[in-house]
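Working notes for the structure below.
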Amino acid sequence: MILVTNFKTYPESSGDNAVKLAKIHEEVAGTGKEIIIAVQPSDILGVSSLKIPVFAQHVDPVDPGRNTGFITPESVKQAGAVGVMLNHSEHPMKPWDVEKAIRLCKKAGLKTLVFVSDLSEASDLKGYRPDYLAYEVPELVGSGRPISKEKPEEIQDFVHILEDTKIVPLCGAGISCAEDVKIAKKLGTRGVVVASAITKAKDPKKVIEDLVNI
Ligand code: G3P
């Protein structure tokens, strides 16, 4: 199972702390586990030399040029990202913006991980062919109530929606321990997206190891 850690903007995973937490992920990934970290744009460069894939948490669907304050796919690529996340429920995008962002990311050589909040959104966005689609129920985000236990039927339906594609199905929200990941695996997903259980942990390494050693 793939582990994607979304650093969000928690103080525990921003700036110098982003580098510390990224190094811990690198250590665990070194044992042969598939781990991706998603950091803020300002932290990409600081973690880009580590041996771990780094994703940007968001990019805007804009070309380089007159776009003050926007984040271009090219800029995160140059900073060292290998992929981007798009349309997180905390940073929703219009479908046509998701489509354009995916197109620009593909052109820039970046992988794309798109979030969906419900099954109809999954059906709508799968046609844009991102590399990963992650199903997260917004009310479970940060709740400590794992989506794999709370919404098992919906996860199975989500996996079914992607069956005729090459898109990797992921799920996230409230995932905090190995058991949550095991259930997500049994339901057919190929990985989980996790934030607070790792970023807020007293011993993040222990939590990461628990999540990947299933
Ligand atoms: O993208 C992952 C995130 O939204 C899940 O958050 O804190 O419930 O693991 P959390």
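Each value in this text was obtained by applying a stated rule to the coordinates, not by laboratory testing. All of these numbers come straight from a predicted model, not from anything done at the bench. Because the Cβ atoms are built from the backbone with ideal geometry, glycine has one as well, and the counts that use them run over all protein chains shown.
Identify all aspartates and glutamates with a Cα-Cα distance to K94 below 13 Å; exclude those on the same chain that are fewer than 8 residues away in sequence.
Here the aspartates and glutamates satisfying the reach criterion relative to K94 are D60, E121, D124.
Just in region 125-189: which trypsin sites (Lys or Arg not before Pro) are loop by DSSP and have at most 12 other Cβ atoms within 10 Å?
K166
Using every pair of alpha-carbon atoms in the chain, split the distances into 10 Å bins beginning at 0 and state the percent of pairs per bin, rounded to integers.
The distribution over the chain is 9, 37, 38, 15, 1, given as percents.
Could you give the nm distance between label points at N213 and K182, where each point is 7 Å from its Cα heading toward the beta carbon?
The two pseudo-label positions are separated by 1.4 nm.
Tabulate in residue order the Karplus-calculated ³J(HN,Hα) for region 127-136, using 6.51 cos²θ - 1.76 cosθ + 1.60 with θ = phi - 60°, rounded to whole Hz; enter x for Gly and Pro.
With coefficients 6.51, -1.76 and 1.60, one gets x, 7, 6, x, 6, 10, 10, 10, 8, 10 Hz.
Each residue of region 111-121 in turn: what ³J(HN,Hα) in whole Hz from Karplus with 6.51, -1.76, 1.60 and θ = phi - 60°, glycine and Pro shown as x?
Those phi angles translate into 6, 10, 10, 9, 8, 10, 9, 8, 6, 5, 5 Hz.
What size of dipole, in debye to the nearest 20, comes out for the chain about its Cα centre when the only charges are +1 on Lys and Arg C-beta atoms and -1 on Asp and Glu C-beta atoms?
Values: 27 positive and 29 negative charges, 114 e Å.
So the dipole magnitude of the chain works out to roughly 540 debye.
Simple spin-label model, 7 Å along Cα-to-Cβ: D118 to K94 in nm?
Roughly 2.0 nm, to one decimal.
Which distance in Å, rounded to a whole number, links the C-alpha centroids of region 35-111 and region 133-185?
Each part's Cα centre sits 23 Å from the other's.
Please compare each pair in K20/K77; K77/K149; K20/K111; K126/K205; K77/K126 to a cut-off of 31 Å on the Cα-Cα distance and tell me which ones are over it.
K77/K149; K126/K205
Rounded if a/c is under 1.5, else prolate if a/b is larger than b/c, else oblate: which is region 135-176, with a ≥ b ≥ c the root eigenvalues of its Cα gyration tensor?
The shape class here is prolate.
Please name whichever of G83, A195, Y135 sits farthest to the positive end of the charge dipole of the chain, dipole taken about the Cα centre and charges placed at Cβ: Lys and Arg +1, Asp and Glu -1.
G83
Using only the Cα atoms, work out Rg/Rh for region 38-133, with Rh taken as the Kirkwood radius, to two decimals.
0.96
To the nearest 0.05, what FRET efficiency results for S143 and S42 with a Förster distance of 35 Å applied to their C-beta separation?
Numbers: r = 28 Å, r/R0 = 0.79.
For R0 = 35 Å, the calculated efficiency reads 0.80.
At R0 = 22 Å, how high is the FRET efficiency between F70 and D131 if r is their beta carbon distance? Nearest 0.05 is fine.
Values: r = 22 Å, r/R0 = 1.02.
Efficiency at R0 = 22 Å is approximately 0.45.
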